[in-house]
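In what follows, a single structure is set out as structure tokens and then discussed.
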Amino acid sequence: MAGSSHGHGHTPAAWTGVIISFIGFCVAGAFMVMANTVGFWAGMVLILGGAVVGGIMKAMGLGSEPKPLVVAGTPAVTPEPAGAEA
């Protein structure tokens with residue numbers, strides 16, 4: 001959904017976390033092919049590091065707040081107080 005207004009991943013925190021994780025994936029894959037265990041695990045640490053860095057950046061305000069998903073053709077659901085009657 002290219003025209004989605006949900007804002008999925010369009011933040012510095014998301015981009016940074018994904019780029020670091022992608023580099024870690026490439027490093028782990030290359031060292032796996034070369035049968036180098038230490039290099040493989042270094043790549044795995046980079047993958048986890050990308051998630052940590054992205055989470056820290058989001059906590060610093062560089063991410064986006066979750067927005068409720070609204071499906072086309074359905075009414076928006078609003079929370080009602082317990083015991084509310086129509």
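No lab work stands behind these numbers, since they all come straight from the coordinates. In this text, all values refer to a predicted model and were calculated from it rather than measured experimentally. Virtual Cβ from ideal backbone geometry, glycine too; neighbours counted across all protein chains shown.
See the values below:
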{"item": "Percentage relative contact order, the range 12-60, counting C-alpha pairs under 8 Å, at least six apart", "result": "50"}
{"item": "Peptides ranked, highest mean first, by Cβ atoms within 10 Å: ranges 22-28, 36-42", "result": "22-28, 36-42"}
{"item": "Vicinal HN-Hα couplings computed from phi for the range 26-37 (Karplus, 6.51 cos²θ - 1.76 cosθ + 1.60; Hz; Gly/Pro x)", "result": "5, 4, 4, x, 5, 6, 5, 5, 7, 6, 10, 5"}
